[in-house]
Amino acid sequence: MTRGRAHLVKISGDAGLRAAQDIALSLRQALAGHGRVAIATEGVTGADLTTIQLLLAASKQAQASGKSLALTAPPAGSLRDLLIDVGCLDADGLPLTPESAFFTQVAPPAEGKPA
């Protein structure tokens, strides 16, 4: 890993309930092996509440272990729409709760393999 760069976890396709175990495993492994982790969600084509729960749980796990976890870019597409629909973000993409601020904090450039 290059010094100063975060490990990259790419989440793509349908990131809902059926993909939850794989996504959770990828995030756990990344946090176990790296101090800084960035999550790319630009390729997400489907999301549900499970997706939001996984990302927020990973954020809390990172905080509890003194590690850094952030998205590589603000949520877009179906993930952004879902975050607005459930009241995490407003129509402008701003967080509506303290926990939802996670979705607006962007990580520095990262390196890694797809999840």
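The values are calculated or read from the model by the stated rules, or taken from the named source; none is laboratory data. What you see is a predicted model; the values in this text were computed from it and never measured. Cβ atoms come from the backbone with ideal geometry, glycine included; neighbour counts cover every protein chain shown.
Tabulated results
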{"read-out": "Selection status of Ile23, surrounded by 17 or more Cβ atoms within 10 Å (Cβ to Cβ) and over 15 Å from Val106 (Cα atoms)", "value": "yes"}
{"read-out": "Any chance Thr41 is β-branched (Val, Ile, Thr), closer than 26 Å to Gly87 by Cβ and buried (at least 21 other Cβ atoms within 10 Å of the Cβ)", "value": "yes"}
{"read-out": "Residue pairs meeting the criteria (Cβ under 6 Å; at least 6 apart or on separate chains; first in contact (Cβ under 8 Å) with a residue 24 or more places away in the chain, in segment 18-39; second surrounded by fewer than 13 Cβ atoms within 10 Å (Cβ to Cβ) and in a helix (DSSP H, G or I))", "value": "none"}
{"read-out": "Hey, Leu49 surrounded by 20 or more Cβ atoms within 10 Å (Cβ to Cβ) and under 14 Å from the mean Cα position of the chain (by Cα) or not", "value": "no"}
{"read-out": "Every pair of residues 6+ apart whose Cβ atoms lie under 9 Å, when the first sits in segment 90-110 and is within 12 Å of Leu69 (Cβ to Cβ) while the second is at pLDDT below 95 and among the basic types (Lys, Arg)", "value": "Ala110/Arg5"}
{"read-out": "Matching residues, segment 1-33, being under 22 Å from Ala101 (Cα atoms) and outside any helix (DSSP H, G or I)", "value": "Arg5, Ala6, His7, Leu8, Val9, Lys10, Ile11, Ser12, Ala15, Gly16"}
{"read-out": "Those residues of segment 69-114 which are modelled with pLDDT of 95 or more and part of a strand (DSSP E or B), in sequence order", "value": "Leu69, Ala70, Leu71, Leu89, Pro95"}
{"read-out": "Residues of segment 1-40 that turn out to be farther than 16 Å from Leu71 by Cα, of a type in the set (A, V, I, L, M, F, W, C) and at pLDDT 95 or above, as a count", "value": "5"}
